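Worksheet: the structure to be examined is printed underneath.
The values are calculated or read from the model by the stated rules, or taken from the named source; none is laboratory data. Predicted model only: the values in this text are computed from it and were never measured. Please note: Cβ atoms are built from the backbone with ideal geometry, for glycine as well, and neighbour counts cover all protein chains shown. Ligands, DNA and RNA are stripped out before the accessible areas are found, and what is left, the full protein with its side chains, is counted by its heavy atoms. Shrake-Rupley method; radii C 1.70, N 1.55, O 1.52, S 1.80 Å.
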Amino acid sequence: MGYIVYFNAVQSKEIINSPYNVRLDSMTDRVVRGSILDKDGQVLAETRVAEDGTETRYYPFGDLYAHVVGYDSYGKSGLESTENFDLLTSNAFFIERLVNTVKEEKNIGDNIITTLDTELQKAAYDALGYYKGAVVVMEASTGKVLAMVSKPTFNPNTLYKNWSSLSSSENAELLNRATQGAYAPGSVFKIVTALEYMRENSDYGNYNYNCEGEINHKDTIIHCANSTVHGEETLKSAFANSCNSAFSDIGLSLSISKYQDTAKDLLFNTKLPSLLPSSQSKFQLTKKSEDYEIMMTAMGQGKTQVSPYHMTLVSAAIANGGVLMKPYLVDEVVNYTGTSISKNYPEKYKRLMTTEEASVLKEYMTEVVTNGTGVSLSWENYTVAGKTGTAEYSSDKTKSHSWFTGFSNVDNPELVITVIVESADNSGMSAVTVAKRILNAYYY
Ligand SMILES: [Zn+2]
């Protein structure tokens with residue numbers, strides 16, 4: 001009995017969400033699709049009904065929310081897809097539904113109140129400008145996703161006109177790079193390597209390394225950025241300097257099986273908690289990996305792949321004392337008059353690391369901003385802890401993406417932000433600059 005009830009109540013939602021299910025058509029015959037709203041009730045998607053009964057799905061913010069809210073034509077994407085069942089369900093008052101049914105008129109579907117913050121979404125959209133890339137902003141203490149931008153973008157209002165060019169475009173406008181992009185992490189991966197080194201060496205505070213601008217091991221030569229000679233370093237200063245030589249050296253000292261475990265703890269090679277479709281991040285070292293691959297991986301290159309959304313979850317756990325809150329995008333489902341039907345509350349997803357490990361990584365990420373590669377984020381009226389990265393993606397090492405992941409208000413973490421700017425070497429735009437623009441828009 002319990003199983004059948006579960007199947008009807010919970011599973012039916014998934015079955016009905018299937019785009020090939022005929023019941024869906026009968027639902028759209030009986031219900032006017034509900035609206036999707038931001039956290040303050042601003043409309044992000046609504047159905048407008050003309051006098052002749054023609055329905056048009058309208059997105060007042062055009063391309064601003066294209067990937068996260070999605071579209072409802074040529075199939076569905078984003079929240080339009082995941083929330084399809086609730087949008088086509090009417091919890092209008094019973095008598096009203098009865099009267100409408102008798103009059104053969106449609107009922108009005110339920111509305112989805114999201115966690116999205118239009119001010120932050122605009123700030124992230126503007127900060128990224130014309131560059132390709134993605135931004136994710138989350139609230140550390142609750143797991144609320146506040147903003148999610150992917151560029152290049154598209155206007156869901158005119159999707160039907162542009163479908164054939166968009167669906168075959170080399171720029172992949174329809175792809176949500178935030179959750180589905182698979183990028184080399186570059187130096188943001190030093191977070192994982194530093195954590196693994198700490199786990200294997202209780203005396204990690206005594207680590208020291210003399211950087212000469214490059215490391216040469218078995219004919220593999222790895223340079224620090226611009227071949228900068230960092231000199232004598234601790235683990236903390238090597239992290240803040242993003243010293244490739246030190247981290248390659250650290251990589252060679254690690255137990256690969258334990259390194260794999262730590263990567264798994266941080267949700268690599270794992271399905272991520274995500275309402276929207278997301279790609280799995282890949283950590284590919286094995287016991288058979290050659291030394292050069294271990295060195296490359298430890299400092300952030302190699303075959304590792306991550307999404308901006310995944311790095312946001314890692315930073316969120318660090319900000320939140322090691323505990324990742326379950327990320328969520330839907331705050332509440334209400335009927336069209338605003339009466340609550342169901343509500344989501346913050347809940348713990350998983351502990352990714354100990355409180356002490358999180359506090360050491362937080363200290364290191366603070367050092368990045370105070371004395372390291374993220375120094376352009378210091379001297380503001382807000383504080384930031386984070387990690388920068390440059391990820392090479394061409395074999396001749398001339399092309400690179402720029403990364404930033406971190407959080408604001410370090411003592412009582414507030415916004416977790418991850419930015420990737422594609423082909424940053426061409427544009428001269430760095431992810432740190434994008435993050436700073438967003439934080440300035442939020443705090444000033
Ligand atoms: Zn160095």
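Leu146's amide H: which non-local residues (gap 5+, or another chain) put their own amide H closer than 5 Å, with H modeled 1.01 Å from N in plane and none for Pro or chain starts? Distant-sequence amide H within range of Leu146: Val137, Met138, Glu139.
In terms of packing, defined here as the mean over residues of other Cβ atoms within 10 angstrom, the peptides 417-423, 221-227, 77-83 line up highest first as 417-423, 77-83, 221-227. The gain in end-to-end length when the Asn412 to Ser202 segment is fully stretched comes to 72.9 nm, 0.36 nm per residue minus the alpha carbon separation. The distance separating the Cα centre of region 42-116 from that of region 370-409 comes to 40 Å. Cross-link pairs exceeding 27 Å between alpha carbons, from the set Lys271/Lys387; Lys258/Lys326; Lys144/Lys399; Lys132/Lys190: Lys144/Lys399.
Backbone geometry of region 292-305 corresponds, through the Karplus equation with coefficients 6.51, -1.76 and 1.60 at θ = phi - 60°, to 3J(HN,Hα) couplings of 4, 6, 5, 4, 4, 5, 4, 9, x, 9, x, 9, 4, 9 Hz, x marking Gly and Pro. The long axis of helix 244-253 is offset from the longest Cα principal axis of the chain by roughly 90 degrees. Surface composition of region 299-444: carbon plus sulfur atoms contribute 48% of the solvent-accessible area (1.4 Å probe, protein chains only, all chains present). Sorting the segments 252-261, 160-169 by their mean number of nearby beta carbons within 10 angstrom, highest to lowest, gives 252-261, 160-169. Rolling a 1.4 Å probe over the protein heavy atoms of region 175-260, with every protein chain left in place, gives an accessible area that is 42 percent carbon and sulfur.
Using only Cα atoms, find the angle between the long axis of helix 308-319 and the longest principal axis of the chain, and express it within 0 to 90 degrees, rounded to the nearest 10. The angle comes out near 70 degrees. Would you work out if region 139-192 is rounded, prolate or oblate? Take a ≥ b ≥ c from the square roots of the eigenvalues of the alpha-carbon gyration tensor; rounded if a/c is under 1.5, else prolate when a/b is larger than b/c, oblate otherwise. The shape class here is oblate.
For the chain, the mean projected area of the C-alpha convex hull, equal to one quarter of the hull surface, is 24.2 nm². Each residue was assigned an accessible area with a 1.4 Å probe, and for Tyr59 the value is about 10 Å². Ligands, DNA and RNA are left out, and with a 1.4 angstrom probe the accessible area of the chain is 45 Å² per residue.
Whole-Hz Karplus values for region 374-381 come out as x, 4, 5, 8, 8, 6, 10, 7 Hz, taken residue by residue from phi with 6.51 cos²θ - 1.76 cosθ + 1.60 and θ = phi - 60°; glycine and proline positions read x.
Oblate is the label for region 37-167, because a/c, from the alpha-carbon gyration tensor with a ≥ b ≥ c as root eigenvalues, is 1.5 or above and a/b does not exceed b/c. Inter-label distance, Asp291 to Ala50: 7.2 nm, where each label sits 7 Å from its Cα along the C-beta direction. For the chain, the relative contact order works out to 17 percent when only alpha carbon pairs closer than 8 Å and six or more residues apart are counted. Once the Cα-Cα distance is subtracted from the 0.36 nm per residue extended length, the Phe94 to Thr220 segment shows a gain of 38.1 nm.
Does region 311-435 come out rounded, prolate or oblate, given a ≥ b ≥ c as the square roots of the eigenvalues of its C-alpha gyration tensor, rounded meaning a/c under 1.5 and, failing that, prolate meaning a/b above b/c? Taking the square roots of the gyration eigenvalues as a ≥ b ≥ c, region 311-435 is prolate. For the peptides 173-181, 278-286, the ranking by mean Cβ contacts within 10 Å, running from highest to lowest, is 173-181, 278-286. Over the C-alpha trace of region 377-444, radius of gyration and Dmax come out as 13.2, 42 angstrom. Compared with the alpha-carbon gap, the fully stretched path from Ile256 to Trp163 is longer by 28.9 nm at 0.36 nm per residue. Karplus-derived 3J(HN,Hα) values for region 149-158, using 6.51 cos²θ - 1.76 cosθ + 1.60 with θ = phi - 60°, are 10, 9, 10, x, 10, 8, 9, x, 5, 10 Hz; glycine and proline are entered as x.
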